[in-house]
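Read the structure below first, then the notes.
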Amino acid sequence: MTAWVLILAAVQPTEIRAVQESPKLIRVTSPGRFETTFTTRKGFGATWFDLKHDPDQKRDLAPVLDENGFFWIKIGQPEGDGSWYANPAEEMTLLEGGPVRTRVRLRGAHMRYGQTEAKAAWKELRFDQTWTVYPDGSVYLVYALEQEQPVRFKHFLVITKSNGAWGPNGKGEGRGEAKIAGEAGSAKPSSQAPTSFTLQWSDGPTYFTDILMVPRKGLYGSAYWNEGYQDKDLRCSFDFGGAWPEKTIPAGTQRLHFLMRFGEEINSAEAGAAHARDYRTPDRLTVTRGAPDLGDEGDRDGDGFNEEEGCYVLTAAPEGATFTIHGASTPRVNPAFKIKRWTGEAPSKILVGGRAVERGKGMSSAVREGTLLLQLFSAAKDDAEVAVSN
């Protein structure tokens with residue numbers, strides 16, 4: 001039995017576009033879904049507007065203060081006080097502009113309190129972030145720490161931080177309606193009860209967007225939890241201090257991978273956990289036309305899923321590609337694919353479980369440098385065959 005459950009919204013987010021408006025600002029828009037910006041000052045999520053519920057962009061859901069966007073890093077040096085942030089960036093590059101996805105790279109040194117003066121730089125600890133953003137609000141990050149020598153640290157927090165207007169200290173129309181959840185629901189994670197995800201969510205009549213963060217590996221306690229600074233922000237976090245023994249980051253490049261998902265129906269710890277399982281335990285496609293690609297650069301464990309770009313990878317046969325995605329044990333929501341050696345144009349129609357799905361009405365597709373990029377806006381809750389033809 002094949003079950004492929006379409007979850008088409010009234011306004012279907014089938015395309016995304018990005019424009020670098022200046023060396024310091026990139027604007028990303030998923031029409032009818034969201035608009036966000038990357039800036040060198042704040043990084044990812046300098047602004048975020050829910051275009052479905054707030055088309056006039058009256059309510060910016062991103063953090064109010066300039067010190068960071070949605071993704072906030074606080075690393076402490078072993079001696080002294082203070083924290084160093086992975087912003088502002090020294091350089092920002094638009095790698096892909098759409099329409100299936102957009103990709104942005106940020107590079108720089110970690111800066112004390114996110115300050116801009118050169119003296120604030122932790123020169124021995126640099127960052128290189130690449131963000132891949134899909135039109136449904138799925139965002140994948142590879143956050144690389146770069147250091148020539150081992151670097152000791154005092155604390156290492158990975159924080160989701162949004163506008164606090166709807167949090168417990170908020171002053172917005174729906175103040176108090178945004179909540180925080182993890183593996184154990186609203187209980188704050190600890191070393192004894194760690195979590196694989198954090199979730200900011202609201203099921204009330206607010207303009208607040210549900211924000212999920214999932215690290216690829218590990219379980220973590222938390223420092224910030226359902227709190228913020230007055231009504232300016234709302235915070236939850238992972239305490240990453242235990243990711244390295246003796247609180248020392250090894251020399252070379254250390255890559256951390258994360259999923260962030262922005263939606264309106266991730267309204268419980270159970271829903272957050274389901275999305276976390278989808279990301280942390282990706283499917284192994286059964287490919288009957290073409291072949292799985294287990295050696296893509298961003299595939300860190302050779303399973304055919306590129307953690308850095310959030311997509312399954314395979315190579316096409318001359319006629320196209322056919323594969324089965326398995327969703328019985330873990331539903332696969334809005335899966336994305338990268339099909340190499342594609343010789344034709346992007347298909348305007350594919351078959352999913354024997355049913356025709358058209359571009360703009362359930363899927364997006366585009367060809368970039370001989371590679372077909374494809375995303376399905378649906379959820380596989382059983383095995384489903386996908387046939388993509390030249």
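Reported count of residues in the stretch 114-133, each being out of contact with any strand residue (DSSP E or B) (no Cβ under 7 Å at 6 or more places or on another chain) and either among the β-branched types (Val, Ile, Thr) or under 22 Å from residue 94 (Cα atoms) (or both), is 1. A single member of 244, 342 is farther than 30 Å from residue 208 by Cβ, more than 22 Å from the chain's Cα centre (by Cα) and modelled with pLDDT of 95 or more, and it is 342. Here residue 161 meets each of (1) within 27 Å of residue 336 (Cα to Cα); (2) of a type in the set (Lys, Arg); (3) exposed (fewer than 15 other Cβ atoms within 10 Å of the Cβ) with one exception, condition (3). Candidates are the residues of the stretch 56-91 that are out of contact with any Gly (no Cβ under 6 Å at 6 or more places or on another chain) and among the small types (Gly, Ala, Ser); the one that is surrounded by the fewest Cβ atoms within 10 Å (Cβ to Cβ) is 80.
Please determine whether any residue of the stretch 262-269 is aromatic (Phe, Trp, Tyr) and in the same structural domain as residue 199 (by TED's automatic domain parsing). So far as the stretch 262-269 goes, yes, one or more of its residues are aromatic (Phe, Trp, Tyr) and in the same structural domain as residue 199 (by TED's automatic domain parsing). Contact map, the stretch 172-189: first residue outside the structural domain of residue 272 (by TED's automatic domain parsing), second residue part of a strand (DSSP E or B), Cβ cut-off under 8 Å, separation 6 or more or different chains; the map is empty. The residue of the stretch 268-313 that is surrounded by the fewest Cβ atoms within 10 Å (Cβ to Cβ), among those that are touching an Asp or Glu at 6+ places or on another chain (Cβ under 6 Å) and at pLDDT below 95, is 300. Are any of the residues in the stretch 74-84 farther than 22 Å from residue 248 by Cα and acidic (Asp, Glu)? Within the stretch 74-84, not a single residue is farther than 22 Å from residue 248 by Cα and acidic (Asp, Glu).
Within the stretch 347-390, the set of residues being surrounded by fewer than 21 Cβ atoms within 10 Å (Cβ to Cβ) and under 21 Å from the mean Cα position of the chain (by Cα) comprises 366, 379.
Taking the stretch 11-50, which residues are of a type in the set (Gly, Ala, Ser) and farther than 23 Å from residue 128 by Cβ? Within the stretch 11-50, 30, 32 meet the criteria.
Identify all residues within the stretch 126-150 that are assigned to a loop (DSSP other than H, G, I, E, B) and surrounded by 22 or more Cβ atoms within 10 Å (Cβ to Cβ); write none if there are none. The answer is 134, 135, 136, 137.
Residues in the stretch 208-245 that are in contact with a Pro (Cβ under 7 Å, 6 or more places away or on another chain), of a type in the set (Ser, Thr, Tyr) and assigned to a strand (DSSP E or B): 220 alone. Of everything in the stretch 177-195 that's assigned to a loop (DSSP other than H, G, I, E, B) and more than 24 Å from residue 242 (Cβ to Cβ), which residue is farthest from the chain's Cα centre (by Cα)? Only one residue tops the list, namely 177. The one condition from (1) small (Gly, Ala, Ser); (2) at pLDDT below 95; (3) farther than 22 Å from residue 378 by Cα; (4) crowded, with 18+ Cβ neighbours inside 10 Å that residue 221 does not meet is (2).
Residues are listed down the side, and each one gets a yes or a no for (1) within 20 Å of the chain's Cα centre (by Cα); (2) more than 17 Å from residue 255 (Cβ to Cβ):
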{"position": "120", "(1), (2)": "no, yes"}
{"position": "143", "(1), (2)": "yes, no"}
{"position": "152", "(1), (2)": "no, yes"}
{"position": "163", "(1), (2)": "yes, yes"}
{"position": "169", "(1), (2)": "no, yes"}
{"position": "172", "(1), (2)": "no, yes"}
{"position": "175", "(1), (2)": "no, yes"}
{"position": "197", "(1), (2)": "yes, yes"}
{"position": "211", "(1), (2)": "yes, yes"}
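Of the residues making up the stretch 246-269, those that are of a type in the set (Val, Ile, Thr) and part of a strand (DSSP E or B) are 248, 249, 253. Suppose we keep only residues that are part of a loop (DSSP other than H, G, I, E, B) and at pLDDT below 95 within the stretch 41-55. Which one would you say is surrounded by the fewest Cβ atoms within 10 Å (Cβ to Cβ)? Only one residue tops the list, namely 55. Residues in the stretch 67-89 include at least one that is over 22 Å from residue 223 (Cβ atoms), assigned by TED's automatic domain parsing to the domain that holds residue 163 and in contact with a Lys or Arg (Cβ under 8 Å, 6 or more places away or on another chain).
The residues in the stretch 314-326 that are part of a loop (DSSP other than H, G, I, E, B) and surrounded by fewer than 23 Cβ atoms within 10 Å (Cβ to Cβ) can be counted, and the count is 3. Taking the conditions (1) under 18 Å from residue 46 (Cα atoms); (2) surrounded by fewer than 19 Cβ atoms within 10 Å (Cβ to Cβ) in turn, residue 114 satisfies each one other than (2).
The values are calculated or read from the model by the stated rules, or taken from the named source; none is laboratory data. From a predicted model like this one, the values you see are computed outputs, not experimental measurements. Note that each Cβ is placed from the backbone with ideal geometry, even for glycine, and that neighbours are counted across all protein chains shown.
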